[in-house]
Amino acid sequence: MSNVSDLLDSVPKGLWLGGKLVPAEKTFAVYNPATGEELAQVADATAADGIRALDLAAAAQEDWAATPARVRGEILRTAFELLHARAEDFALMMTLEMGKSLAESRGEVNYGGEFLRWFSEEAVRIGGRFTQAPAGNGRILVTKEAVGPVLAITPWNFPLAMGTRKIGPALAAGCTIIVKPAEDTPLTMQLLGQVFADAGLPDGVLSILPTSDAASISGPLMEDSRLRKVTFTGSTGVGKLLVRNAADKLLRTSMELGGNAPFIVFDDADIDAAVDGAMLAKMRNGGEACTAANRIYVANSVREEFTDKFTAKVAALKVGAGDAEGTNIGPLINTKQLATVTGLVDDAVSKGARVRTGGSAPEGPGFFFTPTVLDQVPADARLLKEEIFGPVAAVVGFDTEDEAIAAANNTEYGLVAYFYTRDIDRAMRVSAKLDTGMVGVNRGAISDAAAPFGGVKESGFGREGGTEGIDEYLDTKYVAL
Ligand SMILES: O=CCCC(=O)O
């Protein structure tokens, strides 16, 4: 299809309740961040729709958990194939509603699809254990059981992949699931609902609830004891609120929250490789990623060389609508995000940071910000503490390894850190000292469906992907024999 108006016409108009499309009472507008204009109207779920979805999820839970793992895996595998059969539609949809370039969106179709494929394979590997009690008076049998109905709240920056990385393991584990996509980007998830319907997912197992009022859905669901788990990707502030609300019913929670990733270039690094890595770590997804390099620390002996080469590459990035030929960097998601990025850059510059390229928003429609490199960024600049979520790189010099590690760890966040070195001893030593859930060594991207993604400190808890990802949706049962 991949023609804009045909694609928008093909978006399911109703609500996916338990895998069936039902008419919605009302709709809300979704905007194109490249123009600021309305893109489409989408079904607007109410609190009552949320409870209907939970009624269906709770009713389907026992049968779905009892469905052979091989069957659950095959449905996921079919969904993976159907997603790829419509890859261009999904890519264009993400570009239209989120703004990222088509190349980025195509990358996300691959990345997001991998969670369906990976967990289609993990479904049949849910294990347990059997052992002798040490006292010799019995046996210990340990089994894994589906947690139960799950609420998944997903962000706007990866409209597909942040959904599949929750739906994949939940379905593989035997959990029913209700997905609330971000208000800015619900259309991709509406398309994914069709994929699961076509893949033969039984009734009741999956509901998708776009809404203009997130709390009206999540609040009542989390107060209902039939819901057993909440999984969230988004800001640390909202994550804390959800964890507090989850405490009442002691819901299982997985929280993939904000980041403030350091990217360290040591004096022994391959500088060209480090520049390429920094481009990826900073500019992937237009900088709108929790994994984005927020602070670039460069050994003073190589700082000028690195910054010159890096600045040249950033300045060459083409900014434009995501579906325009040759675009590297699309718009930010909305005016609020544009104001945040502008405010952080202005703050750093007013405190003495030097603008090497970019530095402001271009004239014209849409929520664009020119790719920016700031160097000599002072320690009190807000962008060294707060998540930028935009195409803005802040470069800071350092002299010693200890100084770089201390600066990297000087944040309440702990999602990911990157560093470049040619020294394997240093690679092992520094990896161990970084207070993050993930480390990229001579790598500008770490995301992989086969790896456990997640943070420590205020970046949250729980892991998505890898063999660990399915555990988030399984309870452990001990049977004494
Ligand atoms: O923005 C958060 C997720 C980023 C990723 O999965 O690579």
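The values are calculated or read from the model by the stated rules, or taken from the named source; none is laboratory data. These numbers come from a predicted model, not from an experiment. Neighbour counts are summed over all protein chains in view; Cβ atoms, including those assigned to glycine, are modelled from backbone coordinates with ideal geometry. SASA here: full protein model, heavy atoms, side chains in, ligands and nucleic acids out. Shrake-Rupley method; radii C 1.70, N 1.55, O 1.52, S 1.80 Å.
So the values come out like this:
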read-out: Order of exposure, largest accessible area first, which applies to M98, M428 with probe 1.4 Å; value: M428, M98
read-out: Calculated SAXS-style log₁₀ I(q)/I(0) at q = 0.15, 0.22, 0.29 Å⁻¹ - the range 244-306, Debye, Cα scatterers; value: -0.56, -0.87, -1.17
read-out: Longest segment of the chain lacking GluC sites (Glu not before Pro) that sit in a DSSP loop with at most 10 other Cβ atoms within 10 Å; value: 1-324
read-out: Sulfur and carbon atoms: percent of accessible area, the range 57-118 [1.4 Å]; value: 54
read-out: R354-D272 pseudo-label distance in nm [points 7 Å out on the Cα-to-Cβ vector]; value: 2.5
read-out: Those residues of the range 453-481 whose amide nitrogen sits under 18 Å from the label point placed on L141, 7 Å along Cα→Cβ; value: 475-481
read-out: Per residue Cα convex hull volume in Å³ - calculated over the range 1-125; value: 118
read-out: Linear extension gain, Y478 paired with N409, 0.36 nm per residue minus alpha-carbon span; value: 20.9 nm
read-out: Vicinal HN-Hα couplings computed from phi for the range 122-138 (Karplus, 6.51 cos²θ - 1.76 cosθ + 1.60; Hz; Gly/Pro x); value: 6, 3, 8, 10, 6, x, x, 7, 9, 8, 7, 5, x, 6, x, 9, x
read-out: Between the range 344-362 and the range 401-415, the Cα center-to-center distance that results, in Å; value: 23
read-out: Length-normalised contact order for the range 31-127 - Cα pairs under 8 Å, 6+ apart - percent; value: 37
read-out: Ellipsoid semi-axes in whole angstrom, largest first, where each is sqrt(5λ) of the Cα gyration tensor of the range 126-196; value: 39, 10, 9
read-out: Exposure of W156 as accessible area (Å², to 10), given a probe of 1.4 Å and all protein chains; value: 50
read-out: Taking the range 363-416 and dividing mean pair separation by its residue count, relative contact order in percent (alpha carbons under 8 Å, at least six apart); value: 35
read-out: Nitroxide proxy distance, nm - points 7 Å out along Cα→Cβ at A247 and D448; value: 3.8
read-out: Area projected by the alpha carbon convex hull of the chain, averaged over all directions, nm²; value: 23.4
read-out: Relative contact order, percent, the chain [alpha-carbon distance under 8 Å, six or more residues apart]; value: 18
read-out: Helix axis angle, 335-350 relative to the chain longest principal axis, alpha carbon, degrees; value: 30
read-out: Accessible area (Å², per residue) of the range 389-472, counting only protein heavy atoms and a probe of 1.4 Å; value: 39
read-out: Percent carbon-and-sulfur accessible area, the range 199-315, ignoring ligands, DNA and RNA, probe 1.4 Å; value: 53
read-out: Rounded if a/c under 1.5, otherwise prolate or oblate - the range 379-470, Cα gyration tensor axes; value: oblate
read-out: Whole-number D in µm² s⁻¹ for the range 193-285, Kirkwood Cα-pair radius fed into Stokes-Einstein, 20 °C, 1.002 mPa s; value: 125
read-out: DSSP-defined beta bridges in the chain - what % are antiparallel, rounded to 5; value: 45
read-out: Accessible surface, per residue, of the range 230-368 when the full set of protein chains is kept, probe 1.4 Å, Å²; value: 38
read-out: Trypsin sites (Lys or Arg not before Pro) lying in DSSP loop within the range 336-367, provided at most 16 other Cβ fall within 10 Å; value: K351
read-out: Residue-normalised accessible area of the range 30-178, expressed per residue, 1.4 Å probe, Å²; value: 36
read-out: Portion, in percent, of the accessible area of the range 375-481 that falls on carbon or sulfur, probe 1.4 Å; value: 52
read-out: Cβ-placed point charges (K, R +1; D, E -1), dipole of the chain about Cα centre in debye, nearest 20; value: 1140
